[in-house]
1. So if I check each of VAL109, VAL148, VAL129, VAL139, which one is β-branched (Val, Ile, Thr), touching a residue at least 12 places away in the same chain (Cβ under 8 Å) and surrounded by fewer than 20 Cβ atoms within 10 Å (Cβ to Cβ)?
2. Against the condition buried (at least 16 other Cβ atoms within 10 Å of the Cβ) and at pLDDT 75 or above, how does GLY15 come out, does it pass?
3. Polar (S, T, N, Q) and closer than 28 Å to GLN5 by Cα: does that describe THR95?
Amino acid sequence: MNAAQIKHMVDRFLGWYLPADFRPDAGISFKATFNEHMPFGPMYHNPCGTNLFNASQAEEMVRYMIVDLPQSLPEPSQAATEPQPASDLVIHDLTGTEEWREYDFEGRVYRINKPVSVAYRPGGTTHRVTDEEGVIHCVPAPGLFGCVLRFKGALVF
């Protein structure tokens with residue numbers, strides 16, 4: 001496995017949304033809902049890989065996983081390899097509509113150039129934005145933690 005393949009695996013992990021039934025152990029706590037007392041109802045945390053590790057830690061994990069990796073493995077069944085979409089995940093195609101988008105956290109700006117899609121769960125706390133190079137960026141939803149969204153392009157939703 002080469003460095004580019006490892007980087008690809010790290011990027012994919014960091015952008016991966018944890019499953020809805022995520023239940024950590026070993027003293028780690030996670031509360032899936034918040035604002036239960038508000039009139040608009042509860043909101044749901046929607047963590048992704050960056051909520052667990054930073055890029056260096058994820059790379060260390062991937063490198064650990066590939067030590068002594070056999071040269072060939074039996075092929076998994078087709079059903080096991082097909083992605084299972086989350087029924088409540090909303091995905092918008094941004095291809096060609098936005099030049100860039102920025103998430104501003106009280107003066108700290110995170111810019112994503114040439115976004116091609118954005119995915120989120122209604123009421124969730126994060127957005128997953130994929131750029132044209134296939135890098136997945138996991139960012140807080142606008143309005144949370146003082147986050148303001150700016151973009152240059154057409155309004156698509």
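1. Working: VAL109 fails: touching a residue at least 12 places away in the same chain (Cβ under 8 Å); VAL129 fails: surrounded by fewer than 20 Cβ atoms within 10 Å (Cβ to Cβ); VAL139 fails: surrounded by fewer than 20 Cβ atoms within 10 Å (Cβ to Cβ).
Among VAL109, VAL148, VAL129, VAL139, only VAL148 is β-branched (Val, Ile, Thr), touching a residue at least 12 places away in the same chain (Cβ under 8 Å) and surrounded by fewer than 20 Cβ atoms within 10 Å (Cβ to Cβ).
2. Values: buried (at least 16 other Cβ atoms within 10 Å of the Cβ): yes; at pLDDT 75 or above: yes.
So GLY15 fits the description; yes.
3. Numbers: polar (S, T, N, Q): yes; closer than 28 Å to GLN5 by Cα: yes.
So THR95 passes the test.
The values are calculated or read from the model by the stated rules, or taken from the named source; none is laboratory data. Since this is a predicted model, take the numbers as computed values, not measurements. For neighbour counting, all protein chains shown are included, and Cβ atoms are generated from backbone atoms with ideal geometry for every residue, glycine included.
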